[in-house]
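Since the structure comes first, as C-alpha cells, the remarks are kept for the end.
The values are calculated or read from the model by the stated rules, or taken from the named source; none is laboratory data. Everything numeric in this text was worked out from a predicted model, so none of it was measured. So basically every Cβ, Gly included, is an ideal-geometry build from the backbone, and we count neighbours across all protein chains shown. What goes into the accessible areas is simple: the full protein's heavy atoms, side chains included, and nothing from ligands, DNA or RNA. Shrake-Rupley method; radii C 1.70, N 1.55, O 1.52, S 1.80 Å.
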Amino acid sequence: MKPRFLHIPTKYMKFPITFLILSTWFVLISQSLGSEAIPDGTHVQSLKAEPSAIELKNRYDYAQILVTAQLSTGDFVDATRMVKWSVPDSLATINDHGFLEIKGDGEGMVTASFDGQSIEIPVKISGSTKEFKPDYVQDVNPVISRMGCNMGTCHGSKDGKNGFKLSLRGYDPIYDLRSFTDDLASRRVNLASPDDSLMLLKSTAAVPHEGGQLCKPGTPYYEIVRAWIADGVPYDKTSAKVASITVVPQNPVVQEIGATQQMRVVATFADGRQRDVTREAYVESGNIEVAAVMKDSPALVKVLRRGEAPVLIRFEGAYAATTITAMGDRTGFVWEDTSAYNEIDRLVAAKWKRMKIRSSEVCNDYEFVRRAYLDLTGLPPTSDQVREFVADARHSQVKRDALIDGLVGSEEYITYWTNKWADLLQVNRKFLGAEGAVGFRDWIRNEVANNTPYDEFCRKVITASGSNKENPPASY
C-alpha cells in the first residue's frame, strides 16, 4: 500500500501548474528524509569543530556546534549531522544537528566521531540553577523578532495588526515597550500573573491568534518572555546593543546536490560580549533555485542544483553575508593553470578553480577586437579597424592593451557611458524638465570625460543638494 501523503487527488491532475508545485514539494520532502553521507569513494582525514571551546553562563544559553570534515580528496564537507555525538548526561543535551543546550553546571567534553575520526570540544557551564533576569534589548526583543511579531507582515506593518503596532523588526525598543506595557490598560502584560499575559496567551494560541501558535509553555522563548514579565517588564536604556554578527563557515562549498550546510551565527555586542544567536538569526537565500533555507532547523541550508547562492544573515539590525557554492558531480576534473595578465584575471581564475570550471581558450584577434569595441563603445569595429588590428605584428598582449587604452576615453567611449549612466540615473525631461535633463546629462558626460573614480562620482550624486540648475546631480 502506498503512503497516503504521496497520493495526489485526481482533480489536481487537471491543473499542470498545481501538479508541478505539488510534485516539486514532494520531491524536496522525500530528499530531506534521506540520510546524509560523504561522497562515494572518499574517506574522512580529519574533523574540525566550530567553536573549539564552549562556555555557557545562563540556563537559556546554547551553542550551535559545526563540524567540518576534510576528505581524502582535499574537499571539505559539513559533517554536523553525520557525526555521532557524545556529551555528559548531567551537563547538557545535544541533538543530531549539533545544537547544545544546558542541563546542569560543570565542565566536560563534547565528542564528535565519524568515519574513524573524532574531535573533542571542552564545555564549561554555569548559572543553570540561578534565577534568570532577561534584558529586554538583548533577550526579549530577539525572541519577539524571531517569532515574527514585529515583521512587516504582522504587527510591524505600517498600521500594525488588529490595533496592535510594533516598530518594524524591533528597531525602536522604547516604542515597542510602551505598546506592550501601556496600551489597553496594560492588558498585554499581567505582572500579578505572568502566564495570563495576553502576549503569552496569543503567542501560545491559548486565545485566538491570527498568527497561530508561535511557542509553547515551557520552551525557552516562552520562559524568557515570562521571566521578563515576572520581573516587572524592566528596560535598561544603557543595555549594549548588537554591534556586529559573524557567520561561519564563510563561502562554503557543498560537494553534492541535495546535501545541506549548517550555519553558525555569533553576535558581538557593543560591550564586547559575544553570544551564539543561530536560533534567533534570520537566514535568507538570494537564489532559492540553487539553495533554500530549511524551515525545520535554524540556519540550515539545502542545495538544490549546481551554482552559487548569496546568503544574507540578519539579527537585530546587524547583517552578514556569505556565498554557498553547490558543486555537484565534477568527477574527472583536473585544474590547469591559466595565464593571468592583471588582478582581475587572477580573481577570475581563483573563482574558476573554486567552482571546478575549466576556462575557455584565449579568444583570437578577430573575436577580441569585436568584443573590445562593443564593451567599451557600444559599437562594432569597422572593417578597416579589424584589418588594422589583426595585421599588427606586435605581441598579442601588447596590441590588445594598446587597443583598450585607445578606446577608453575616446569620444565614442564617453558618449556610450554617458548614455548608460544617464539611463541608470533616470535623466528624463518629463520629470526634470528640458533644462534640468540637459544640465544633468552634461554633468555626467563631464565626469566620464574626466575619468572621475566611481566612488567620487557616486558620492557627488548621493550628497548633492540645492537647485539642479546650479548643482545638476541634485536632480537625482
Residue list for the range 234-263, filter: under 29 Å from T331 (Cβ atoms) and hydroxyl-bearing (S, T, Y): T260
Within the range 106-115, is there a residue that is farther than 21 Å from P51 by Cβ and either of a type outside the set (F, W, Y) or touching a residue at least 40 places away in the same chain (Cβ under 8 Å) (or both)? yes
Matching residues in the range 236-264 - criterion: being surrounded by fewer than 18 Cβ atoms within 10 Å (Cβ to Cβ) and among the hydroxyl-bearing types (S, T, Y): T238, S239, S244, T246
Suppose we keep only residues that are open to solvent by 50 Å² or more (accessible area, probe 1.4 Å) and under 30 Å from T238 (Cβ atoms) within the range 101-123. Which one would you say is nearest to the chain's Cα centre (by Cα)? E101
Among the residues of the range 250-302, write down those that are touching a Gly at 6+ places or on another chain (Cβ under 6 Å) and in a strand (DSSP E or B). none
Restricted to the range 309-327, and to residues that are among the hydroxyl-bearing types (S, T, Y) and out of contact with any Asp or Glu (no Cβ under 9 Å at 6 or more places or on another chain), which residue is farthest from I245 (Cα to Cα)? T322
Give me the pairs, please: first residue somewhere in the range 214-225 and open to solvent by less than 40 Å² (accessible area, probe 1.4 Å), second residue anywhere and of a type in the set (D, E, K, R), beta-carbon distance under 6 Å, and either six or more positions apart or on two chains. I224/D139
Quick check on my filter: what residues within the range 195-213 are crowded, with 16+ Cβ neighbours inside 10 Å and either small (G, A, S) or part of a loop (DSSP other than H, G, I, E, B) (or both)? S197, S203, T204, G211
Restricting attention to the range 197-204, does a residue exist that is over 13 Å from I144 (Cα atoms) and without any contact (Cβ under 8 Å) to a residue 12 or more places away in the chain? yes
If we ask which residues in the range 76-94 are open to solvent by less than 40 Å² (accessible area, probe 1.4 Å) and under 23 Å from the mean Cα position of the chain (by Cα), their number turns out to be 4
The one condition in (1) in contact (Cβ under 8 Å) with a residue 40 or more places away in the chain; (2) among the β-branched types (V, I, T); (3) under 30 Å from P173 (Cβ atoms) that V303 fails to fulfil: (3)
So, in the range 314-337, exactly how many residues are open to solvent by less than 50 Å² (accessible area, probe 1.4 Å) and of a type in the set (V, I, T)? 4
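One line per residue, one yes/no per condition, for (1) open to solvent by 40 Å² or more (accessible area, probe 1.4 Å); (2) at pLDDT 90 or above; (3) at positive phi:
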position	(1), (2), (3)
Q64	no, yes, no
H97	yes, yes, no
I125	no, yes, no
K133	yes, yes, no
D139	no, yes, no
G156	no, no, no
Would you confirm whether any residue within the range 176-193 is in contact (Cβ under 8 Å) with a residue 40 or more places away in the chain, assigned to a loop (DSSP other than H, G, I, E, B) and surrounded by 17 or more Cβ atoms within 10 Å (Cβ to Cβ)? yes
Kindly provide the set of residues from the range 210-249 that are in contact with a Pro (Cβ under 6 Å, 6 or more places away or on another chain) and β-branched (V, I, T), ordered by number. I224, I229
For R169: the one exception among (1) under 21 Å from the mean Cα position of the chain (by Cα); (2) part of a loop (DSSP other than H, G, I, E, B); (3) charged (D, E, K, R): (2)
Does S145 meet the test of being open to solvent by less than 40 Å² (accessible area, probe 1.4 Å), within 30 Å of T68 (Cβ to Cβ), in contact with a Lys or Arg (Cβ under 7 Å, 6 or more places away or on another chain) and touching a residue at least 60 places away in the same chain (Cβ under 8 Å)? yes
I'd like the residue in the range 248-275 that is more than 19 Å from the chain's Cα centre (by Cα) and among the charged types (D, E, K, R) and, out of all such residues, is nearest to R314 (Cα to Cα). R273
Do any helices (runs of 4 or more DSSP H) entirely within the range 359-459 hold 1 or more residues that are in contact with a Lys or Arg (Cβ under 8 Å, 6 or more places away or on another chain) and open to solvent by 60 Å² or more (accessible area, probe 1.4 Å), and if so, which? 429-449
